[in-house]
Amino acid sequence: MRFGKSILAPAILLLVTAALAAAQGGPPAAGVTGTGAPRGAGAPGGGQRGGGGGPAMALTTSAWPDGDPIPVKYTQANTEKPDQISPEFKWTNAPAGTVSFVFNMLDPDVAQMRGTETQVHWLVWNIPGTATGLAEGQPRGASLPDGSMQISATGPVYRGPGAPATGPQHHYTFEVYALDSKIDVAPSSNPTPGAAAVETRTAVFKAMQGHVLGKAVYVGLFRRPQ
């Protein structure tokens, strides 16, 4: 049987296109069923997980279940001491290659300085990569015993939750980031503590870009007792 050029040319073009697509790892040409693995098969998974697509980082505390009310002990309603008591936090499944951690506590229910910034309740950066958490009751001071730095809207100290009793519960959010390096950021010298905390957090987060290996989040609710 003889085939004219009008029949052979499209068939040959289709086969060549399919061969080129397969060689480059792209999808099969229209009208051709692919026989290889799905696109992206075997590639590392996305998301903030441990090194090599392992289990996701996890942040926990024994002080309250995730999403539940924060005990008064760790808040501004506890007036037994001049400084609030920071809760103990632990994290697991830090990615391979972690050099330092950043811990960030914020109140997303409050807008700062007439903008989109949130309240800085506690920011700790350059926590050693060998650390697995923060002990309860971290002391006041710009530098902590392990060499990490801290700041909040109060100053160089943990600032506990303090949502007013007349409003809704606030969703205090605790974040830990695993980084592949330490970051060279000094606390802001702004004389207003709240502004200094926001400026410092902005600088820390800018320095973190491109260095985050993993992240974990925990939430607690609070408003002052009636």
task: Scan region 214-223 and give yes if some residue there is out of contact with any strand residue (DSSP E or B) (no Cβ under 6 Å at 6 or more places or on another chain) and basic (Lys, Arg), otherwise no.
output: yes
message: I need a count of the residues in region 194-226 that are more than 19 Å from the chain's Cα centre (by Cα), part of a helix (DSSP H, G or I) and modelled with pLDDT of 95 or more.
response: 1
- prompt: Does any residue in region 103-132 that is surrounded by fewer than 20 Cβ atoms within 10 Å (Cβ to Cβ) come within less than 8 Å, Cβ to Cβ, of a residue that is of a type in the set (Gly, Ala, Ser) and assigned to a strand (DSSP E or B) six or more places away or on a different chain, and which pairs are these?
  reply: 117/111; 118/111; 128/100; 129/100; 129/178
- line: Condition set surrounded by fewer than 20 Cβ atoms within 10 Å (Cβ to Cβ) and not in a loop (DSSP other than H, G, I, E, B), scope region 166-190, selection nearest to the chain's Cα centre (by Cα): answer is 175
- prompt: Quick check: anything in region 129-139 at pLDDT 95 or above, out of contact with any Asp or Glu (no Cβ under 6 Å at 6 or more places or on another chain) and outside any loop (DSSP other than H, G, I, E, B)?
  reply: yes
query: If only one of 154, 173, 166 is under 15 Å from residue 220 (Cα atoms), assigned by TED's automatic domain parsing to the domain that holds residue 111 and of a type in the set (Val, Ile, Thr), which one is it?
result: 173
Flag if residue 152 is surrounded by fewer than 20 Cβ atoms within 10 Å (Cβ to Cβ) and modelled with pLDDT of 95 or more: no
- request: Answer yes or no as to whether residue 163 is more than 17 Å from residue 202 (Cα to Cα), outside any strand (DSSP E or B) and not polar (S, T, N, Q).
  value: yes
message: Considering only region 159-173, I want to know if a residue exists there that is closer than 29 Å to residue 224 by Cβ and free of Cβ contacts under 8 Å to residues at least 40 places away in the same chain.
response: yes
statement: Selection from region 190-226 of residues of a type in the set (A, V, I, L, M) and within 17 Å of residue 173 (Cβ to Cβ) yields 197, 198, 204, 208, 212, 216, 217, 219, 221
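The values are calculated or read from the model by the stated rules, or taken from the named source; none is laboratory data. Predicted model only: the values in this text are computed from it and were never measured. Quick reminder, even Gly has a Cβ in these numbers, built from the backbone with ideal geometry, and neighbours come from all protein chains shown.
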